[in-house]
1. Please work out the Cα center distance from segment 173-228 to segment 84-149, rounded to the nearest Å.
2. Over the C-alpha atoms of the chain, what are the Rg and the largest Cα-to-Cα span, Dmax, in Å?
3. Quick one: among Val210, Val252, Val237, which has the greatest mean-square fluctuation in a GNM of the chain with alpha-carbon springs under 10 angstrom?
4. Over segment 94-184, what is the mean sequence separation of C-alpha contacts under 8 Å (at least six apart), divided by residue count, expressed as relative contact order in percent?
5. How much of the accessible area of segment 22-88, in percent, comes from carbon and sulfur atoms when a 1.4 Å probe is used?
6. Please compute the per residue accessible area over segment 1-120 with all protein chains in place, 1.4 Å probe, rounded to a whole number of Å².
7. Does segment 1-113 classify as rounded, prolate or oblate by the C-alpha gyration tensor (a ≥ b ≥ c root eigenvalues; a/c under 1.5 gives rounded; else a/b over b/c gives prolate, otherwise oblate)?
8. So what's the back-of-envelope 222 nm ellipticity for the chain, counting only DSSP H runs of four-plus at -39500 (n - 2.57) apiece and dividing by all residues, rounded to 500?
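The values are calculated or read from the model by the stated rules, or taken from the named source; none is laboratory data. On a predicted model such as this, the values are computed, not experimentally measured, just so you know. Here the Cβ is made from the backbone with ideal geometry for all residues, glycine too, and neighbour counts use every protein chain on show. Note: areas computed on protein heavy atoms with side chains; ligands, DNA, RNA excluded. Shrake-Rupley method; radii C 1.70, N 1.55, O 1.52, S 1.80 Å.
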Amino acid sequence: MQLLDGKKTSETILDEIKVEVDKILQQGKRAPHLAVVLVGNNPASETYVGSKIKACERVGFKSTLIKLPDTIDEATLLNEIKKLNDDTTLDGFIVQSPLPKHISDSKVINAISPDKDVDGFHPENVGRMALSMPAYLPATPYGVIQLLDKYKIETSGKHCVVMGRSHIVGLPMSLLMVRNTTPGNCTVTICHSKTKDVKKYTLQADILIVATGQVESVTADMVKEGAVVVDVGITRVPDATKKSGYRLAGDVKFDEVAQKCSYITPVPGGVGPMTIASLLMNTLNGYKRK
Ligand code: NDP
């Protein structure tokens, strides 16, 4: 079994981005600029946003953090988004999820200008991705693709089973794996909470991508010998032995599945850091497109 080391791979990508940014700055041009909107103070969201801002600093991007209270009304948030759309000094921005219940996710996503949508969630970018047209690819699935690519995992003609069909992970992930690209060209099966006998499908997977948020629910008996297993899940599980009071858990029972598969992502240190690297890649591409 070999680890698909997202931490190491993302460091390499960030190094490559930094080289490009250094060249841009040497030419006297402005640095790429990413803004992150954080509504409320969900502790996990604060951690993710902190990591994104830190990664910007590491590669030489300008970053702006816009913190808004969770009492903000929808119209005011949409107005903030409009301001960011109109800001010509900004290459891209994201609105960190989850949003408070009284705010519509889809209204927010639709309000973001597609050419600043570096999270790749806007319907225009999703549609362009599905049609293999140039688009911002959603950061987490794009991170998985980059990880498979860097480890030269053969995907063409393989059976990829994606567990989960959310708009930010499972669905775009399955689209990327089925496209006529490298990595890609898989035969794809999507499983979700209504799928009967999920194990019947997972046992057929050459590549199993799990994004259900169901902690450590994929066990060794569900995985084919020699499969490539990508665990997207990240959940904070209470753990009194940790200083923080919690540990990060994936959707896959790592210890037992690792003994059966050819490659596997750890949690943490797998897909998480790749998501951040992809976000920065999208921002750099947005900058270059201008
Ligand atoms: P959602 O809750 O939005 O979606 C979960 C999906 O899994 C749904 O489509 C659901 O089906 C499906 N599902 C639930 N139970 C099962 C089951 N037993 N078998 C098959 N499918 C099932 O979650 P997200 O997609 O947003 O996130 C998934 C996980 O990935 C979470 O742990 C999240 O924290 C993590 N994540 C990690 C990121 C990273 O950077 N590493 C980024 C984003 C998310 P249905 O549609 O029927 O409800």
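1. Spelled out, the Cα-based centre of one part sits 24 Å from the other.
2. Computed over the Cα atoms of the chain, radius of gyration and Dmax are 18.9, 59 Å.
3. Val237
4. Value for segment 94-184: 23 percent.
5. Ligands and nucleic acids excluded, carbon and sulfur reach 53 percent.
6. Ligands and nucleic acids excluded, the result is 50 Å² per residue.
7. Oblate, since a/c reaches 1.5 and b/c is not below a/b.
8. That calculation yields -12500 deg cm²/dmol at 222 nm.
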